Structure formats: structure tokens, C-alpha cells
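Computed from the coordinates by the stated procedures, all read-outs in this text should not be read as laboratory data. Keep in mind that what you see is a predicted model, and the values were worked out from it rather than measured. Because the Cβ atoms are built from the backbone with ideal geometry, glycine has one as well, and the counts that use them run over all protein chains shown.
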Amino acid sequence: MAASGTAPRLVVATRNDHKLRELAEILTEVELVPLPEEIEIPPETGTTFTDNALLKARATHAATGEPTIADDSGIAVDALGGRPGVHSARFAGPDATDEQNLDLLITQVARQEDRSAAYVCVIAHIDSEGDESLFEGRCEGTLIIEPRGSGGFGYDPAFVPVDTGPADQRTMAELAPDEKNAISHRGRAARALARALWPGRG
């Protein structure tokens, strides 16, 4: 428990700058500590987002002894049987760039009539006593085959969220950060975490 007037501190089990920035935009009253360079995160061998989030959180908590969060997230496409799912960050190969992953997804989705998809995020939290909790967020949407927008990252330029309404066809990459965070899978999971851990913080 943080001292009165001191922001709670969480070690974030990621080296993804985009994720760190989004979490910092949402969890504004928490001190988010980047993963120390000397800590090795094990490979994401889980078959679900929950598996991978716990794997990363447990490794980081074991190494630091501090309260820890780990996020695992990706996009699940209905017509592709839920793929790329947990393989979203390496859909086009283990060293693929965001652009390569997006290009492959568009190529596969272009052949499909059903282009519905969902972003999914699971955040695993481990407190100083080692107790674990999980928080999930989803954002439903539709994929387009001509990407638009320069914001966000990953598959955002091809994902049109349902939550903005049928008249709003902006992609996630065209939304302002506060608009995206209000409806995104990561935003929903992070706010659920905040409500559970610090209910008096709004």
C-alpha cells in the first residue's frame, strides 16, 4: 500500500513503448515503472491472452518482488477462426513489423465477406503479497482493406470500432488518444484494474 499522498507504484512487464504510453494515459494516478533492463521475460508460449499475461507478470514479480502488471492483447478475426489472436504481434513472423503484420491480415481478410473482429486485452496484476487478479477488455469492430490514419499502432489503421457509432467510420488510428482510450480493449481492462485496486481514485 502506498503512503498517503504517494501514487501507487506498478512495474509494467513490457518493453513495448506504445503499450506503456497508452497505459500511462489511462492510469494517470499510478506510477508506472518500466521493466528493468536486466529482467528476462520468458517467451509467450501460452495459448490464451490470460496465459501470456500471467506468464509475464509472474516472471516480473518474481524478479522484482514489487506489484506488477502485464498486458497481453491482440486482435481476433471472426472469419479467420479467431486468428491472429495471441500471435497478433508476430502474425507475419517472429520479427515482423507492425506494417508486415497489418499487410498480411488485410490480404487474408480481403477474401472474406465477414470482416468483423475484436481487440482483446487481458491485464494480469500481482500484488506485493503475490496475489493474482485478471482484468479483461474487448473492443468490437470491423476491418477495412484500405488502412487510414497515423495514430495508434498495430492493426489500428484497419480497425473501425463499433462504439463510435455507425455514422463514424474513423479507424482507431484516426481517433484522438482520449477517444481511443475511452473505448479500447486496453482502456477498458486498465480502468477495470484501477476500479478494483483504487476505488477511491475515480
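Charged neighbours of Thr107, selected by a Cβ distance under 14 Å, balance to 0 (K, R count +1; D, E count -1).
Short-range pairs are left out: with C-alpha atoms under 8 Å and at least six residues apart, the relative contact order of the chain is 18 percent. Couplings 3J(HN,Hα) for the range 129-146, derived from phi with the Karplus relation 6.51 cos²θ - 1.76 cosθ + 1.60 (θ = phi - 60°), are 8, x, 6, 10, 8, 10, 9, 10, x, 10, 9, 7, x, 10, 8, 10, 9, 10 Hz, where x marks Gly and Pro.
Measure nothing fancy, just the Cα-based angle from helix 49-64's long axis to the longest principal axis of the chain, in degrees from 0 to 90, nearest 10. Around 30 degrees separate the two axes. Charge tally around Arg148: other residues with Cβ under 11 Å, Lys/Arg +1 each, Asp/Glu -1 each, net -2.
Relative to the longest principal axis of the Cα atoms of the chain, the long axis of helix 98-109 lies at roughly 50 degrees.
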